[in-house]
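Peer 1: Below is one structure. I have some questions about it.
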Amino acid sequence: MATPAAFQPLNAQSIQRTLSTKTFGRTLHVLDEVASTNTHAAALALDGAPHGTVVVAETQTAGRGRLGRHWHSPSGKNLHCSILLRAMPAREQQPLWLSWIPLTAALAIGRAVQVVANLKVSVKWPNDLLIGDRKLGGVLCESSGVGTAHATVIVGIGLNVNIRRDEFPEELREIATSLAIESQRPCDRTALLAALLVELETRCESLLAGHHGDILKEYMLRCSTIGRRVRIELAHGEQMDGTAKSIEVDGSLRIIRDDRTTVDIRAGDVIHLR
């Protein structure tokens with residue numbers, strides 16, 4: 001009996017046959033195991049890998065999320081991939097572009113999940129993917145050489161796909177979820193990756209063309225943080241409570257604090273309060 005598509009190992013030829021992108025994934029590295037797809041993609045970038053190079057792995061031994069957190073990566077269950085970006089706007093426009101890349105990646109994932117798995121995914125600012133209140137995945141972007149002729153950004157994506165609830169570490173079972181848990185059926189990771197790459201490529205092209213307003217409108221529609229009571233955990237252990245009012249033109253989160261003052265958050269960990 002043939003192995004169902006959802007449980008087949010990732011295969012470069014199968015992935016590339018499924019792609020409808022112009023560039024993303026046309027140079028593709030499929031690995032059984034790697035410390036981190038971001039680290040591997042960064043090494044490839046140093047060796048001259050082209051824009052749109054994708055690294056995908058069955059498992060990561062040192063996968064990491066935002067703020068240095070470990071990413072749980074059981075083999076053959078989830079999607080761990082990194083995309084190398086070299087196409088950037090003019091130097092004076094790069095800070096705004098860079099601020100939007102993680103948010104843009106989250107939008108692409110949300111849309112890809114909707115297309116492939118027919119599930120509604122929201123984004124917790126800046127780039128956590130949620131179904132309900134449980135985390136489905138996240139994005140980690142790392143840049144190098146910005147402002148030079150050799151600038152790169154690595155967009156790292158971790159997405160829980162076919163992991164069962166009992167396969168999560170006990171401390172994650174009530175706060176994490178997967179596509180298989182939510183849809184009660186396995187998901188084809190090849191189809192999901194192909195959809196993700198075309199959604200990301202389309203939005204990166206839009207962002208590069210200066211269409212930040214279109215990305216902002218889409219983000220506002222998918223963001224579950226707006227209007228919520230939140231706690232922001234900043235660097236050095238500082239916290240602030242308030243209500244999330246809006247996403248600003250630079251992608252920052254505008255908070256109305258409990259003392260009625262307003263502050264724009266550009267980096268921090270958001271907790272949705274009940």
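The values are calculated or read from the model by the stated rules, or taken from the named source; none is laboratory data. Computed from a predicted model, the values in this text were never measured in an experiment. Because the Cβ atoms are built from the backbone with ideal geometry, glycine has one as well, and the counts that use them run over all protein chains shown. Each accessible area value is taken on the protein alone, full model and side chains, heavy atoms only, with ligands, DNA and RNA left out. Shrake-Rupley method; radii C 1.70, N 1.55, O 1.52, S 1.80 Å.
Peer 1: Given the structure, is Leu84 part of a strand (DSSP E or B), surrounded by fewer than 18 Cβ atoms within 10 Å (Cβ to Cβ), at pLDDT 95 or above and touching a strand residue (DSSP E or B) at 6+ places or on another chain (Cβ under 9 Å)?
Peer 2: no
Peer 1: Given the options Ala42, Ala105, Ala49, Ala112, name the one that is buried (at least 17 other Cβ atoms within 10 Å of the Cβ), part of a helix (DSSP H, G or I) and more than 16 Å from the chain's Cα centre (by Cα).
Peer 2: Answer to the check: Ala42.
Peer 1: Among the listed residues Ala180, Ala194, which satisfies the condition of being more than 17 Å from the chain's Cα centre (by Cα), among the aliphatic types (A, V, I, L, M), surrounded by 14 or more Cβ atoms within 10 Å (Cβ to Cβ) and over 30 Å from Asp250 (Cβ atoms)?
Peer 2: After ruling out the rest, the residue left standing is Ala180.
Peer 1: Which ones in the stretch 154-175 are open to solvent by less than 40 Å² (accessible area, probe 1.4 Å) and either under 15 Å from the mean Cα position of the chain (by Cα) or without any contact (Cβ under 8 Å) to a residue 60 or more places away in the chain (or both)?
Peer 2: Within the stretch 154-175, Ile154, Val155, Gly156, Ile157, Gly158, Leu159, Asn160, Val161 meet the criteria.
Peer 1: Sort out which residues of the stretch 116-153 are open to solvent by 50 Å² or more (accessible area, probe 1.4 Å) and either under 17 Å from Ile247 (Cβ atoms) or in a strand (DSSP E or B) (or both), and write them in order of number.
Peer 2: Arg134, Lys135, Glu142, Ser143, Ser144
Peer 1: Taking the stretch 229-254 only, how many residues are buried (at least 17 other Cβ atoms within 10 Å of the Cβ) and under 17 Å from Asp128 (Cβ atoms)?
Peer 2: Result for the stretch 229-254: 7.
Peer 1: Does the stretch 213-228 hold any residues that are within 21 Å of Ala105 (Cβ to Cβ) and surrounded by 13 or more Cβ atoms within 10 Å (Cβ to Cβ), and which are they?
Peer 2: Selection gives Asp214, Ile215, Leu216, Glu218, Tyr219, Arg222, Cys223, Ser224, Thr225, Ile226.
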